[in-house]
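Down below is the structure, laid out as structure tokens.
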Amino acid sequence: MRTRPKNRVFNAASTTSPPVPGTSDDVDDYGHGRMNVEVRSTTRDDVRAIADMQLASWPSEYDGIAPRERIVNQSVERRVAAVARQLGYADKDDPNASGRPGPVESPESIESFVAVDDRHFVVGHAVITRAGGELVSLVVHPEARTQGVGRALVGHAEHVWRDAGLSTGTAWVIQANANACRFYEALGWAADGAERLHRGGPPPLFGLAVPERRYARSLIRR
């Protein structure tokens, strides 16, 4: 039985990663003001918000990486069903929940959490493997980007991994996604030399051979 991670509140005065050189405590990695968010475990009620957020983020996230028509021509119902299946909330009688590629990990082996703002809107979501120390997916709503939401989610993941006794966290990042690469590097992560051609991932990337590089982060406090 998995233990439920403690909710954490992140703000300008409470960061989870070492300060990035050249930034102050009240701005994020790109110089914007931080958003106060609470990071908590995902519930079934979050599924639709996560699906909507993914669909909203893909046009900018995969621009130039996947064909435009594959990015925008996505069914909301299928995305809701896919998120529910990945997180272990799927309805077996839902026709949208079948016939699609499954998640990277089974629902029993992952930890899922969301970032919510002061209005209790979901503005970010992350999925990790608790035992394996991998950040499987990370998404931030386009309107909440560059406000510290991604930093809060990654910081929460690092807390979970440390609590589990792990010494390293990893994440596979699309090489062509320069913004994502800069984001991890600003948080102290670094490419560890591992690369792969990945054919999975979200629907816009299905069947495409997408070059990825692995980023790693030491969890040992010095």
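Only the coordinates and a few stated rules stand behind these numbers; no lab work does. Remember, it's a predicted structure, so these values are computed and weren't measured experimentally. Because the Cβ atoms are built from the backbone with ideal geometry, glycine has one as well, and the counts that use them run over all protein chains shown.
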Worksheet item: With r defined as the distance between the Cβ atoms of residue 73 and residue 143 and R0 fixed at 22 Å, what FRET efficiency is calculated, to the nearest 0.05?
Response: 0.50
Worksheet, complete the sentence: Extension length gain for residue 206 and residue 164 (0.36 nm per residue less Cα distance), in nm, is 11.9 nm
Practice prompt. Rank-order 157-168, 78-89, 114-125 by packing density, defined as the average count of other C-beta atoms within 10 Å over each peptide's residues, highest first.
Written response: 78-89, 114-125, 157-168
